[in-house]
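Chemist: Please see the structure below; I have some questions.
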Amino acid sequence: MGALRTDNTSTSLKRFILLSLIAFAAIFLDMVFADSSTVISLSSDLFILLFIVLASLFVVTQYGIIKYIDHIRSKIKYLNSIHRATFAIQYIFVAILILLIIQITFSRSYSTGFLIFGSDISFAVSSFLMAMLTSKFLSWYRSTRNFVILLYGLASCTACVALVSLLVFYHASLSLLPQERTPLSEAPLQFYDQSSAMGALQYLTAVLSFIPPLLFWTSTAALLKHYSKSVGKVRFWIVMSIPIVFIISQPVIVAPLIYVATDPSLNPIHVTVLGNMLPGIIGGIIFGIPFLLVSRTLRSGTSDLQKYMVVAACGFILSTLSLQMSVESAPYPPFGLVTVFFVVVSSYMILVGLYSSAISVSRNADLRRSIRKYVLQEVRFLDSIGYAHMEKEIEQKAVEVAKKSGSPEQESELSTYRDDEDVREYVEQVMDEMKKLKRID
């Protein structure tokens with residue numbers, strides 16, 4: 001039965017990863033068509049059909065992703081109401097897509113109000129999810145005084161503020177467009193004069209969107225550094241350094257070079273694709289790599305922590321990519337809207353995956369310290385007994401210590417890992433260290 005349960009868990013995880021890859025492909029294609037619409041007309045029946053296909057992919061993938069998250073978040077009681085609300089929001093998105101498709105099919109036009117309404121809901125719900133994540137992290141920090149948890153709380157807070165600024169800017173930008181969009185409507189890139197109110201808001205939004213990735217990188221590096229031994233310290237820090245180099249180089253080096261190398265007045269899609277879409281794709285992938293790398297060091301299919309890290313990785317990848325796109329130019333058909341709707345799903349993935357990973361890793365670290373302290377005490381007490389017998393005795397007692405650790409409040413929200421094999425492996429590590437020190441002495 002245990003083997004069958006492990007196989008089922010592993011299969012569910014693989015299905016979730018496949019759905020995330022399909023979502024990634026759908027977002028990528030949606031972004032390509034949305035950016036292309038600023039240069040060429042995409043109003044033919046073929047592109048309308050492609051929009052319907054992308055909308056269908058959104059419906060299928062978001063349902064599968066949320067269903068999987070519902071399975072793994074069952075241990076996190078406070079997420080019950082948030083999960084129901086997030087799932088309900090998807091019905092609103094589906095209704096908007098259906099109404100848009102009906103309008104486009106029968107009247108060859110659509111209302112800009114649907115874009116404003118859908119975009120507002122997406123960014124409002126996403127900012128609420130980040131606010132909830134901030135609240136949980138800061139609440140947890142007050143009881144544990146764990147610096148990593150504080151960093152994640154600050155990162156989540158800045159992400160919430162950035163999403164609110166995006167909501168305000170895109171709402172204002174879309175409100176300036178005509179109420180109806182047709183195949184003859186132009187969909188130009190929106191670059192406002194910085195001396196104007198819209199220009200100042202656009203600049204502020206860009207600055208606020210730059211801060212959360214920096215804080216999330218710092219938090220993730222501090223959270224996962226314990227696993228550098230399993231991955232390899234050099235390999236771990238090389239992987240961890242890529243996101244921060246990318247974050248700093250994009251606005252300082254990459255964007256100016258792309259702007260100089262291209263002529264926005266002749267072909268603005270070069271600037272958009274190379275300076276916005278491509279960095280978003282690369283940035284999303286490299287932000288997810290650390291979580292995926294560490295998850296591979298955990299036993300496949302048996303660790304809740306592994307599932308949390310995979311969900312967090314996929315959430316970061318989809319979120320970073322989807323936040324590169326908007327519907328402010330309101331193309332016909334409305335390419336970009338599917339990507340905006342994915343912001344909610346990816347934010348929920350981050351909420352569940354990141355919070356669960358951070359809390360699990362932090363508790364595991366506390367548990368390891370308790371086990372290490374206990375093992376060292378026992379080694380001193382039983383030093384005269386043979387190491388083989390002593391190790392067996394300590395392993396059995398350490399497992400009991402692990403099972404008794406944690407408060408009832410913690411247990412009701414998210415259980416710390418209690419895998420006997422994990423405990424025994426760590427005891428063996430400590431015992432090996434003691435043997436080496438004993439030989440040195």
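No lab work stands behind these numbers, since they all come straight from the coordinates. Fair warning: this is a prediction, and the values are worked out from it, not measured in the lab. Here the Cβ positions follow ideal geometry from the backbone for every residue, glycine too, while neighbour counts run over all protein chains shown.
Chemist: Please go through the residue pairs Lys136/Lys307; Lys233/Lys307; Lys136/Lys233 and name each one whose alpha carbons sit more than 28 Å apart in this structure. Before the final figure, lay out the partial values.
Modeler: Numbers: Lys136/Lys307 20 Å; Lys233/Lys307 23 Å; Lys136/Lys233 31 Å.
Violating the 28 Å limit, Cα to Cα: Lys136/Lys233.
Chemist: Among Lys136, Lys307, which comes first, second and so on when ranked by fewest other beta-carbon atoms within 10 Å? Display every interim value, and only then the final one.
Modeler: Numbers: Lys136 22, Lys307 26.
Fewest-to-most Cβ neighbours within 10 Å comes out as Lys136, Lys307.
Chemist: For the residues Ser41, Ser195, Ser127, what sequence is obtained by ranking on other C-beta atoms within 10 Å, fewest first?
Modeler: Details: Ser41 15, Ser195 7, Ser127 21.
Listing Ser41, Ser195, Ser127 from fewest to most nearby Cβ atoms yields Ser195, Ser41, Ser127.
Chemist: Right, next: Under the rule a/c < 1.5 gives rounded, and otherwise a/b versus b/c splits prolate from oblate, where does region 32-191 land using the Cα gyration tensor? Intermediate values should be presented prior to the final figure.
Modeler: Numbers: a/c = 2.83, a/b = 1.82, b/c = 1.55.
Prolate is the answer for region 32-191, as a/c is 1.5 or above and a/b outweighs b/c.
Chemist: Counting other beta carbons within 10 Å of each Cβ, put Met349, Met240, Met325 in order, fewest first.
Modeler: On the way: Met349 28, Met240 20, Met325 24.
Sorted ascending by nearby Cβ count, the order is Met240, Met325, Met349.
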